[in-house]
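Let me begin by presenting the structure, written as structure tokens, before commenting on it.
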């Protein structure tokens, strides 16, 4: 290679070194700018985040209504302790019966049935003629003998027909008089000691789901059925019993316990605290815990034997503690 060529090659190498040096310098400057830009952007994001976080909290605090300072008050519902009659019920199944059974209408003499003036479903009064009997014998002629109803009621059966020969013991018809309905039921042995004749009951029938009938205890068996451990009880229907019929099945809410002039509070007001029975009473805007002694509970009301007086406002809804600030709804 000639000296001139070597010189040209050396100059190209030198130029290349200069170009690489400049490029490296430029890259270093660009990387520094990128880092600075990234740092600036991160600082802006952090500042914005701090602004939104603390700014929103401040705005929420200022947006709260003045009553927010009273948000520690607990909304509660209350009920007044009552002085009155406490009754506890037990539900029994029963069947409707009737004191007045059907009456068979008999003729005064034997003979042939010449006419029948009634049919099943006919309504008759006491003394109404329902049929005629001819007591004549061969070679003899007698006036027809009327057969009359002994009671008011409804004809439920006519077992004979015209032309049939009957005797004085043959039923010409059967009449059912106005019925006095009653209810038969069985009372568990554990309630017998609390029962007495005259105690009230409420009667329900699936035939009349929106209607309640009234009844009173009219009979209590003096003995216990040893197989069922129950006593037979009868109740007489009182008031309007229209629609009820003999043979219907009914449910009976029977009063098995009654107390007069006792203080009662809702069962929902009673709770347990530290092994004691307590209620919370609304007093001067606060909940005051009181220990009480309870008696019988019918599932809705409970007798307060001590610790509560008639007129006290007991808290029935709302989670409170002794001394909690409350707002009575």
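All of the numbers you see were taken from the coordinates with simple rules; none came from a lab. Everything quoted here is computed from the prediction, not taken from an experiment. Neighbour counts are summed over all protein chains in view; Cβ atoms, including those assigned to glycine, are modelled from backbone coordinates with ideal geometry.
D for the stretch 103-176, whole µm²/s, Stokes-Einstein with Kirkwood Rh over alpha-carbon pairs at 37 °C and 0.692 mPa s: what number?
271 µm²/s
I'd like the FRET efficiency for residue 232 and residue 258, computed as 1/(1 + (r/R0)^6) with the beta carbon distance as r and R0 of 25 Å, rounded to 0.05.
0.70
Just to be sure I understand the model, the point goes 7 Å from the Cα along the line to the Cβ. What's the resulting residue 272 to residue 41 distance in nm?
Modelled inter-label distance: 6.5 nm.
Roughly speaking, what is the centre-to-centre gap between the stretch 99-168 and the stretch 255-329 when only Cα atoms are used, to the nearest Å?
Distance between centres, Cα-based: 70 Å.
So, by mean Cβ neighbours within 10 angstrom, what's the order for 146-152, 223-229, 125-131 with the highest one leading?
Taking the mean over residues of other Cβ atoms within 10 Å, the ranking is 146-152, 125-131, 223-229.
Using a 7 Å offset from the Cα along the Cα-to-Cβ direction at both residue 117 and residue 194, what is the distance between the two label points in nm, to one decimal?
Inter-label distance under the simple model: 5.7 nm.
What order do you get for 240-247, 188-195 when each peptide is scored by the mean count of other beta carbon atoms within 10 Å, highest first?
188-195, 240-247
If each residue of separation counts as 0.36 nm, what is the full-extension length gain between residue 218 and residue 309 once their alpha-carbon separation is subtracted?
Full extension from residue 218 to residue 309 adds 29.1 nm.
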